[in-house]
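Engineer: Here you go, one structure.
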Amino acid sequence: MRITTIAIAFLVSAACARTVKVETDPKAGKADVDVQAPGVPETWDATLAAVGGSGISGTAKGTSAHDSTHVTINVTGAQAGATLPWHIHEGKCGDASPPIVGDASAYPPIVVGSDGSGTATAHVTVDLNEAKQYIVNVHASPTALGTIVACGDFDD
């Protein structure tokens, strides 16, 4: 009996230390409900696949909390010396002109090294909404933003 009482007390105290977070996407009508500890950031991941035969692939990892999102992107298979703009967008890979999340200038471009790989990190003053769909797009160059060379779903 004593162990049961202690277990129940532990479960109740653990539940009290959590918050319920409900987010909705008004366009899609989708809702997301989380029970989580206060202040714990949401984590986001993307596997980037080459688009249009570019040969560029990679990963993106991020955390979102307190009205901001911190993301690091890594790419491989790019041309040495290339400068590749990238952004988080609302939508799905293949969407025409999906909106950029946050200020476009918050995303420093990826500068590709001699081995064809590159990394960049961005801090965007937007807390991502888990009920929405996001992608990470890598663009061909600063002057060819309409050409996507890699894309991946940014999932929590």
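The values are calculated or read from the model by the stated rules, or taken from the named source; none is laboratory data. None of the values given here were measured: they were computed from a predicted structure. Here Cβ is always computed from backbone atoms with ideal geometry, including for glycine, and neighbour counts include all displayed protein chains.
Engineer: Take the residues in the range 31-73 that are outside any strand (DSSP E or B), among the hydrophobic types (A, V, I, L, M, F, W, C) and modelled with pLDDT of 90 or more, then tell me which one is surrounded by the fewest Cβ atoms within 10 Å (Cβ to Cβ). Don't jump to the end; show me each part of the working.
Structural biologist: Going residue by residue through the range 31-73, those that are outside any strand (DSSP E or B) are 37-41, 51-56, 66-67.
Narrowing the set further to residues that are among the hydrophobic types (A, V, I, L, M, F, W, C) leaves 37, 40, 51, 56.
Checking the rest, the ones that are also modelled with pLDDT of 90 or more come to 51, 56.
Details: 51: 19, 56: 28.
Here the residue is 51.
Engineer: Let me ask something additional. I need the full set of residues from the range 108-148 which are under 14 Å from residue 61 (Cα atoms), surrounded by fewer than 21 Cβ atoms within 10 Å (Cβ to Cβ) and of a type outside the set (A, V, I, L, M, F, W, C), in order please.
Structural biologist: Within the range 108-148, 119, 121, 123 meet the criteria.
Engineer: If you don't mind, another one. Between residues in the range 134-156 that are under 18 Å from residue 43 (Cα atoms) and residues that are surrounded by fewer than 20 Cβ atoms within 10 Å (Cβ to Cβ) and hydroxyl-bearing (Ser, Thr, Tyr), which pairs lie under 7 Å by C-beta distance while being six or more apart or on different chains?
Structural biologist: Final answer for the pair search is 152/47; 156/43.
Engineer: Here's another thing I want to ask about it. Output the residues belonging to the range 122-156 that are at pLDDT 95 or above, of a type in the set (Gly, Ala, Ser), more than 15 Å from residue 107 (Cα to Cα) and in a loop (DSSP other than H, G, I, E, B).
Structural biologist: Answer for the range 122-156, where residues must be at pLDDT 95 or above, of a type in the set (Gly, Ala, Ser), more than 15 Å from residue 107 (Cα to Cα) and in a loop (DSSP other than H, G, I, E, B): just 144.
Engineer: Just one of (1) in contact (Cβ under 8 Å) with a residue 60 or more places away in the chain; (2) surrounded by fewer than 16 Cβ atoms within 10 Å (Cβ to Cβ) trips up residue 99, so point out which.
Structural biologist: (1)
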